[in-house]
Each structure stands twice: as C-alpha cells, then as structure tokens.
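*Asks:* The structure is given below, and queries will be raised subsequently.
The values are calculated or read from the model by the stated rules, or taken from the named source; none is laboratory data. Please read all numbers here as calculations on a predicted model, not as lab measurements. Positions of Cβ are backbone-derived with ideal geometry, glycine not excepted, and every protein chain shown enters the neighbour counts.
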Amino acid sequence: MKTDLPYGIIASSKTRVRCLCCGVYIPKANKCIEQHTNGAKHKENIELMNENAIRFSNGKMHCKLCKRVLSEEDSVTYHIESDDHANFMAALEDLVDGEFISLDPYLACEKDEVHCEVCNKNIYCSLKQIQEHVNDLYHRFQITERLKPLNGLFPAANNTEVWCKVCKIYIQDNVLSVLDHIDEDEEHIEWFSEIEDLIDNQDVSIEPYLTNEHEAYAFCNRCQMDIVCNAQSIQSHVHSEAHLNQFGL
C-alpha cells in the first residue's frame, strides 16, 4: 500500500479511503484508488475545483470563495451547487463581466487576487474591492480606450469627439458618452448583432474594418479575400457556392 495518497484522497478506515473531491468511499487497494483517480468523474471534479476556488490542503477541502472548510460529507459538486457558493460565484462573474478582469488564477487557487488586464493591476478578490475598482474613473477610462478600436471608434480632428464608422456619427469623447453609445445605441448594437450572426463559424473577420478608420472591408480567411463590410455583402459571400465549398458543403 502506498504511504502517500493521491490528491483529494484521505484515509477512512482499515479497508477504505475517501475521495473528498467526489464524496465517495473507495476500497483501500492501490488498483481501486488508481482506477478512481483515472476516472472521468474524478477528473471532472478536479477541474471543477480549479474553476471554483476549491483546493485540497492538509487533508481537508478549502473553499477560498466561501472562506470555509468543507465537511468530509460534502462533495465538490454538492458545495458548488449550494446557495452560498453559487450566489457568490454569480455575483463575482456579474461584477467582472465586460471589465477585462481575469478570475482564473484566483479560482485555480494560484493567487489571492484577480487581475485587471486594462489597468495591469491585481485586486484582492472581494466583491467590495472589485466593485470599487470597476467604478474607479481610471478603470472606466481604460475600458473606454480598450473598447474604441473594437467598436469602430476613431478620434475626430477636433480632439473632443470620436467618429463611429459603424453608425457614421460623431460622439463626445468622454467615458460616459462612449460607453453609452456602445452599450445603449440601438443602431450600433443592431449592426454588431446582425454582422456577428452572419460571420459566426464562417471564419470571417471584421477586425480590419473596425480597427482601421479607412478600411472598408472584412476579410474571409477561408477564401482569402476581402468583403465589403456590410450585412448584404457578407451575407452574399457566406452563402456563396465558393465559400461553402471551402467547408466541404
């Protein structure tokens, strides 16, 4: 019998061990333990732990998110589905949605902080501190600057406005006006919705059009050709025989 048990496995009795990841008992034989730890369900639960800030340490399961030690009777899935954990995860994900904040190192228990990509800053992972960061004026400004080239917005000659090539209008160049246009303007939202639906799984990129003020074309990577970047031209292209042949259709 091995003296060192695999990750997440603890001794339970003379004849059994317990997998805290899966919440099950396993015969103590090496072959049984190996069979369990190589199983799809166990691997899936390890993956869930890495996505939910749960780690095995000193013979116990710890949830960093909930700041509690799981009982031996609690499986990983049972805890993840509990109201406290699920509500905290939902609040956290809602808070960072669209904010270019990465939770991965924290959820994998590699760090105590989350990372804001646009500010290049680590933030201690609490709802309060993340909320303060995303509401900070510097962060809002950095978000605005990151979103401009993704939305076809370019500086105007007067330095007080930006030009939206999608909607063909000028907008005041400040955080509130730019974000309001991106998030609330119906024409802007509708253009992106229609175009993105057309290019979904078609290997067509609109990035050249959005990031270059004077570019008029999207690019089809499959056909290696430019397409006028409007809904009619893209629709015509993705439904064309030449394009469909690239997918073997």
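*Asks:* Output the residue which, of all residues in region 203-247 that are more than 29 Å from the chain's Cα centre (by Cα) and of a type in the set (A, V, I, L, M), is surrounded by the most Cβ atoms within 10 Å (Cβ to Cβ).
*Replies:* Top of the filtered list is Ile227.
*Asks:* Does any residue of region 170-188 turn out to be among the hydroxyl-bearing types (Ser, Thr, Tyr) and in a strand (DSSP E or B)?
*Replies:* Among the residues of region 170-188, at least one is among the hydroxyl-bearing types (Ser, Thr, Tyr) and in a strand (DSSP E or B), which makes the answer yes.
*Asks:* From Ile54, Ile33, Ile80, which residue is over 21 Å from Ile123 (Cα atoms) and under 22 Å from the mean Cα position of the chain (by Cα)?
*Replies:* On inspection, the qualifying residue turns out to be Ile80.
*Asks:* Whether any residue in region 69-80 is among the aromatic types (Phe, Trp, Tyr), surrounded by 13 or more Cβ atoms within 10 Å (Cβ to Cβ), more than 18 Å from Gly8 (Cβ to Cβ) and without any contact (Cβ under 8 Å) to a residue 60 or more places away in the chain is what I want to check.
*Replies:* No.
*Asks:* Okay, next question. Is there a residue being more than 26 Å from Ser57 (Cβ to Cβ) and assigned to a helix (DSSP H, G or I) anywhere in region 87-94?
*Replies:* Yes - at least one qualifying residue is present in region 87-94.
Yes or no, residue by residue, for (1) under 22 Å from Val114 (Cβ atoms); (2) small (Gly, Ala, Ser); (3) not assigned by TED's automatic domain parsing to the domain that holds Glu113:
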residue	(1), (2), (3)
Leu5	no, no, yes
Arg16	no, no, yes
Pro27	no, no, yes
Cys32	no, no, yes
Ala40	no, yes, yes
Met49	yes, no, yes
Lys60	no, no, yes
Ser71	no, yes, yes
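*Asks:* Out of all the residues in region 29-37, is one or more surrounded by 19 or more Cβ atoms within 10 Å (Cβ to Cβ), more than 22 Å from Glu81 (Cα to Cα) and of a type outside the set (Ser, Thr, Tyr)?
*Replies:* There is at least one residue in region 29-37 that is surrounded by 19 or more Cβ atoms within 10 Å (Cβ to Cβ), more than 22 Å from Glu81 (Cα to Cα) and of a type outside the set (Ser, Thr, Tyr).
*Asks:* Condition first: aromatic (Phe, Trp, Tyr) and under 14 Å from Ala108 (Cα atoms). Now tell me which residues in region 41-89 satisfy that.
*Replies:* Across region 41-89, the qualifying residue is only Phe56.
*Asks:* Go through region 228-249 residue by residue and tally those that are more than 19 Å from Lys168 (Cα to Cα), hydrophobic (A, V, I, L, M, F, W, C) and not in a helix (DSSP H, G or I).
*Replies:* 2
*Asks:* A further question follows. Within region 114-133, work out how many residues are buried (at least 17 other Cβ atoms within 10 Å of the Cβ) and under 18 Å from the mean Cα position of the chain (by Cα).
*Replies:* 8
*Asks:* If you go through region 175-189 one residue at a time, do you hit one that is in contact (Cβ under 8 Å) with a residue 24 or more places away in the chain and within 25 Å of Gln246 (Cα to Cα)?
*Replies:* No, there is no match, as no residue in region 175-189 is in contact (Cβ under 8 Å) with a residue 24 or more places away in the chain and within 25 Å of Gln246 (Cα to Cα).
*Asks:* Moving to a separate point now. Could you tell me which of the residues Asp136, Asp185, Asp173 is of a type in the set (Asp, Glu), under 29 Å from the mean Cα position of the chain (by Cα) and surrounded by fewer than 16 Cβ atoms within 10 Å (Cβ to Cβ)?
*Replies:* None of the others qualify; the one that does is Asp136.
*Asks:* In addition: Given the criteria touching a helix residue (DSSP H, G or I) at 6+ places or on another chain (Cβ under 9 Å), in a strand (DSSP E or B), more than 27 Å from Asp183 (Cβ to Cβ) and in contact (Cβ under 8 Å) with a residue 24 or more places away in the chain, does Phe56 qualify?
*Replies:* yes
*Asks:* Let me ask something else. Collect the residues in region 99-118 that are without any contact (Cβ under 8 Å) to a residue 40 or more places away in the chain and not aliphatic (A, V, I, L, M), keeping them in residue-number order.
*Replies:* Ser102, Asp104, Pro105, Glu110, Lys111, Glu113, His115, Cys116, Glu117
Let's see how each residue does on (1) closer than 30 Å to Ala218 by Cβ; (2) touching a Cys at 6+ places or on another chain (Cβ under 6 Å); (3) among the small types (Gly, Ala, Ser); (4) not in a loop (DSSP other than H, G, I, E, B):
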residue: Cys109; (1), (2), (3), (4): no, no, no, no
residue: Asn122; (1), (2), (3), (4): no, no, no, yes
residue: Gln131; (1), (2), (3), (4): no, no, no, yes
residue: Asn159; (1), (2), (3), (4): yes, no, no, no
